[in-house]
Amino acid sequence: MFAGFNPVPADINIQFIARKMWFFIFSGLLVLASAGCFAIKGLSYGIDFKGGILIEVRTPAPADIADMRNRLSSLGLGDVSLQEFGNPNEVLIRIQRQEGGEAEQQAAVGKVKAGLGAGIEYRRTEFVGPQVSEELFWDGVMAVALSVIGILIYVWFRFEWQFGLSAIVALMHDVLSTIGIFSLLDMEFNLTTVAAVLTIAGYSINDTVVVFDRIRENLRKYKKMPLPELLNGAINQTLSRTLITGGTTLLAVLALYLLGGEVISGFSFAILWGIVIGTYSSICVAAPLLLYLNISRGGKVAAGAAAEQSP
């Protein structure tokens with residue numbers, strides 16, 4: 001029944017390029033607001049980046065995570081997170097680092113044991129110190145930086161340097177706005193969120209490359225077409241694919257956000273935001289930027305066209 005379904009008319013011609021200045025103003029304000037929010041409020045770092053206590057426990061029966069969370073949240077230990085760990089009766093508890101030294105950390109563990117009551121097997125207790133948490137933070141920063149550099153190199157070699165620069169600007173727009181929304185909403189930022197940021201980078205660049213591919217094809221086919229018209233045509237020609245891919249992914253991640261529980265809520269929210277902002281930046285930021293980067297109809301494009309025309 002849905003064979004050949006296309007949410008976008010084949011002859012659609014939305015004037016994206018004509019509205020480029022509105023898109024640039026909106027994106028500029030979004031990035032500035034994100035940077036300002038981060039500078040003023042900072043991020044609500046999780047235990048991974050602040051240090052804390054990790055406790056692995058085993059319960060006699062499948063764990064009631066909600067009840068355990070309620071008990072531990074009332075102990076006044078700060079941020080507490082719980083997640084199922086391997087089996088339904090195994091739980092990993094994370095508690096933020098307590099003020100003071102080792103004695104204060106041990107006292108917090110004692111409170112946890114008293115709060116959970118008897119019948120709990122404590123399999124592992126670890127303390128994440130400030131040095132380890134700082135290393136984890138910089139490892140996360142390095143992972144994001146290396147991914148951006150790798151994407152730049154990939155797009156540069158696949159297309160030309162102008163395409164690579166445009167893709168990186170759009171990608172940084174997505175990453176910075178994600179950090180800004182986490183700062184604004186005071187949501188926990190941890191290693192899971194870093195994984196979400198990396199996922200957003202991959203999703204965003206995939207959308208951008210699809211649009212760039214069509215732009216490259218049109219550069220080969222329409223040698224004399226004005227560049228704004230050519231870019232606008234490429235965006236409209238790939239709009240159906242962009243909306244279908246983004247919409248189906250959005251539905252899947254929305255289900256995770258609504259039904260997945262507190263453990264993955266931050267990850268799911270970041271991906272939801274990333275899909276929306278990544279789709280927007282591919283269409284409204286990356287492609288229009290090419291107008292200002294003096295892309296050539298020669299070079300690799302001309303070489304490709306010559307190869308296609310040769311017998």
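The values are calculated or read from the model by the stated rules, or taken from the named source; none is laboratory data. Note that the structure is predicted; figures quoted are calculated from it, not measured. A quick note on method: Cβ atoms are made from the backbone with ideal geometry, for glycine too, and the neighbour counts reach across all protein chains shown.
Conditions tested, residue by residue: (1) of a type in the set (K, R); (2) in a helix (DSSP H, G or I).
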residue	(1), (2)
A195	no, yes
I200	no, yes
N206	no, yes
R220	yes, yes
K223	yes, no
N232	no, yes
Exercise. Return the residue satisfying two criteria in turn: it lies in segment 57-72 and is touching a residue at least 12 places away in the same chain (Cβ under 8 Å) and assigned to a helix (DSSP H, G or I), and of such residues it is farthest from G110 (Cα to Cα).
Key: I65
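With at pLDDT 75 or above, within 29 Å of the chain's Cα centre (by Cα) and either of a type outside the set (G, A, S) or farther than 19 Å from N190 by Cα (or both) as the only criterion, which of R124, R94, R58 stands out? Talk me through it step by step, then tell me what you get.
Details: R124 fails: within 29 Å of the chain's Cα centre (by Cα); R58 fails: within 29 Å of the chain's Cα centre (by Cα).
The unique qualifying residue is R94.
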Practice problem: For segment 164-186, enumerate the residues that are crowded, with 17+ Cβ neighbours inside 10 Å and modelled with pLDDT under 85. | Solution: G164
Quiz item: Just a yes or no: is a residue in segment 154-161 without any contact (Cβ under 8 Å) to a residue 24 or more places away in the chain, within 29 Å of R94 (Cα to Cα) and surrounded by fewer than 19 Cβ atoms within 10 Å (Cβ to Cβ)?
Solution: no
Quiz item: Just one of the numbered conditions (1) aliphatic (A, V, I, L, M); (2) within 16 Å of the chain's Cα centre (by Cα); (3) more than 22 Å from W156 (Cα to Cα) is not true of M225; which one?
Solution: (2)
Quiz item: Residue check, A114 against (1) in the same structural domain as I264 (by TED's automatic domain parsing); (2) of a type outside the set (S, T, N, Q); (3) free of Cβ contacts under 8 Å to residues at least 12 places away in the same chain, all met but one. Which one?
Solution: (1)
Quiz item: Among all residue pairs at least 6 apart or on different chains, which show Cβ distances below 9 Å where the first residue, located in segment 190-204, is closer than 22 Å to I153 by Cβ and the second is surrounded by fewer than 20 Cβ atoms within 10 Å (Cβ to Cβ) and among the charged types (D, E, K, R)?
Solution: V194/D139
Quiz item: Looking at S74, S81, which one is surrounded by fewer than 17 Cβ atoms within 10 Å (Cβ to Cβ), closer than 23 Å to N190 by Cα and either in contact with a helix residue (DSSP H, G or I) (Cβ under 8 Å, 6 or more places away or on another chain) or not aromatic (F, W, Y) (or both)?
Solution: S74
